[in-house]
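The values are calculated or read from the model by the stated rules, or taken from the named source; none is laboratory data. For clarity, every value in this text was computed on a predicted model and none was experimentally measured. When we count neighbours, we look across all protein chains shown, and the Cβ atoms used for this are built from the backbone with ideal geometry, even at glycine. Remember, those area values only see protein heavy atoms, side chains included, never the ligands or the DNA or RNA. Shrake-Rupley method; radii C 1.70, N 1.55, O 1.52, S 1.80 Å.
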Amino acid sequence: MINKLENLPNEIFLMIYSHMTLFEIIESFCLLNKRLNNIIYFKFLMNKNGIVINKRCLSFNKCHSIITSKINDLSFILNCIQSIYIDGIYVNCSDIISEWIFHSKILRFINLKKVILRKCYLTENLIENLSLLIEYQLNELVLTFDNDVFKSYQCQRLLRIIRHKQKSNLMLMFEEFIRKLFSNKCHLTSLELDISNDDTCVNIHKFLSLSSNINSDVIHNEIVTHCKSLRYLKIDLIDGSFLENLIEHVPNLEILSVQFKYTLMEKLSDEPQMKRFTSGIISWYTKMPKLKCFTLKSVILNDSQLNYLKWIINKVNYIEKLKVRLHIKDSMNKNSVIDVNFFRKYLMPDILIHLIDFDFYIVSSCKLLFENDIQKVIDSFKTDQFFIYRYWINIQCYFDPIMSYQHISSTKLIKPIFVHGIVDYPIYFDWKCVKYMMVNLCPSIIGCLKQFDILYPHIKSIQFNIDLQDRKGLGQRRRRAFDKLRKNALSIIRHVEFCLPSCHYGSNESIHMGKNLVSVLSCYMPHIQTLRLWRDDDFPWTSIRPDYGTERMCQIYSGRWIESLRTFQSIVDHVVVFEQNLCELVQNLKELVFIDIYGRIHSEKIEPFRSMVKRRFPNSRLHIEISKFRLWI
């Protein structure tokens, strides 16, 4: 008897599907017959994670083609999808939102309630579609932006427009979208928003500014809109100005978590306003009466910022749970110690109403503390009537002699761990989520790496700086290393990143270093699927700059070469060499699906590069800006 695949029981199919991605299931099993379609539907109905696209080696172009080709027949699957998670590092968020979720302004995912967009890139189309989603469809939105999103071609164009007192259409749309998030047109219940990279001309932090000061007694005829549905808000900011305006728009907020990228107050011009940060100011109860939990994470640099911190805490003196994470770098604090008096002065509201849970972890620059000093700090809490009454007496304190920091916590301490030259130091309290690290290692590399799975379970990238002191030693080490390196030693690698020197600046040797890139990859890493290049300037990695005989000649003539890069002929030449680079790469690396280049080009090259790619790779997907080139093959 011949057994057929469709004779397998449903349970076996569900087990098989559990080891496959959405796109693999759709490509291999979808639309084969009604029974398999029902099993696929049941599988996604049980899967609360929905669609997740965050894998490095995922071919976005292939997956996009799979979905697009079958999307009209996939309504039975799309109807049960409740959440979508997209990592913009690997895919183009705008394409997915506009081409998958919407079709001619009609929503395909009728039960979609949650969208997570990490590192997304701003486009007018994306903003338009997100605006529709937050108004009519979503309950939860997580939104973070690419680090270069405001330094891209749009921002450069905006800088030119600002001189004429105008804004680009993109920035006008984005400003309107931020305001809409906190208006009655938004029906989200949960929002996570990261605008901590807004240190450019865009200035998102002013988008919610009112014509009147929120602490002023002057009444203006300013219409304030509210997002009455929002209950949970986690927001990453640069400074406190956005927070002060935000509280006007979220009257039903219950949980608020704020993290400041640098410090509470970025601008020195804010310091003269410290006179208004007094305990007599009315709390935010009239603005956010339902607020129960408040979390704040920040760096503190001086007394003014401590006063501002106290002002904020007094504003939320009616909450039930307060969570504070601080790194105090104040130089004046070197001679002081964080004890209960410091808490009373800066970290606790003057008037306590409903506070029942106080969770804190403070790292502070400090003078040398001995054991008896640490015990005095702990005893100061144990003898304070307020802390005794609430049973908050299990305070822990520790002094780090290496960094000269005092740690004090309401729960447990996170002490530094020393392993083969690595110091695991929890300054920002989130080391378990660390994904990138640079380490200066002694020769015992193997002993170090053995500990990484335990210390850093989520780490994805390690940069090794190995000190090779002289050219002779460098040559000997290289020869020994390559003698031991066999062709199959790196054959299992699927993702690789290189930082290549400039093709325009530097010696004759350094500018031509990139010419060996493809030969090295095809020889030692023939199966790579994704390639990331970090460049100082242009996207092509093969230089066409003339060689100069001496270092003196290089200094004289390189300036003229740089000036010629914007000419028509230079742009044509660089388009040709970039085309040669890409074709050679794709031809020699058969499994390559994604090329990601970070660099810096003149805006005049964007369209010629785009046209060349579309002509040479017509079935690919491309995203190009002045600082980024991304090609899904």
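Before moving on, here are some points about what is shown:
- For the range 560-607, a residue qualifies if it is under 15 Å from LEU631 (Cα atoms), in a helix (DSSP H, G or I) and open to solvent by less than 60 Å² (accessible area, probe 1.4 Å), and the qualifying residues are PHE578, GLU579, ASN581, LEU582, CYS583, LEU585, VAL586, ILE606.
- As for the range 393-402, it holds no residue that is in contact (Cβ under 8 Å) with a residue 12 or more places away in the chain, surrounded by 13 or more Cβ atoms within 10 Å (Cβ to Cβ), aliphatic (A, V, I, L, M) and under 21 Å from ILE247 (Cβ atoms).
- In the range 274-304, residue modelled with the highest pLDDT [restricted to those that are out of contact with any helix residue (DSSP H, G or I) (no Cβ under 9 Å at 6 or more places or on another chain) and among the polar types (S, T, N, Q)]: THR295
- Of everything in the range 541-559 that is crowded, with 17+ Cβ neighbours inside 10 Å and among the small types (Gly, Ala, Ser), the residue that is modelled with the highest pLDDT is SER543.
- Qualifying residue in the range 109-125 (condition: at pLDDT 85 or above, closer than 27 Å to ASN169 by Cβ, outside any loop (DSSP other than H, G, I, E, B) and not aliphatic (A, V, I, L, M)): yes
- Checking ARG157, ARG179 one by one, the residue that is open to solvent by 50 Å² or more (accessible area, probe 1.4 Å) and modelled with pLDDT of 80 or more is ARG179 and no other.
- Pairs meeting the criteria (first residue in the range 596-625 and more than 25 Å from ILE528 (Cβ to Cβ), second residue open to solvent by less than 30 Å² (accessible area, probe 1.4 Å) and assigned to a strand (DSSP E or B), beta carbons under 7 Å, at least 6 apart or on different chains) are ILE606/ILE624.
- Pairs, first surrounded by 16 or more Cβ atoms within 10 Å (Cβ to Cβ) in the range 500-526, second of a type in the set (Val, Ile, Thr) and in a loop (DSSP other than H, G, I, E, B), C-beta under 6 Å, six or more apart: GLY514/THR542; MET525/ILE493
- Residue satisfying condition, being open to solvent by 20 Å² or more (accessible area, probe 1.4 Å) and either within 33 Å of the chain's Cα centre (by Cα) or of a type in the set (Gly, Ala, Ser) (or both), within set LYS412, LYS376, LYS345, LYS382: LYS412
- Residue in the range 523-534 that is of a type in the set (A, V, I, L, M, F, W, C) and assigned to a loop (DSSP other than H, G, I, E, B) present: yes
- Members of the range 352-373 found to be open to solvent by 20 Å² or more (accessible area, probe 1.4 Å) and free of Cβ contacts under 8 Å to residues at least 40 places away in the same chain, listed by number: LEU352, ILE353, HIS354, ILE356, ASP357, LYS367, LEU368, PHE370, GLU371, ASN372, ASP373
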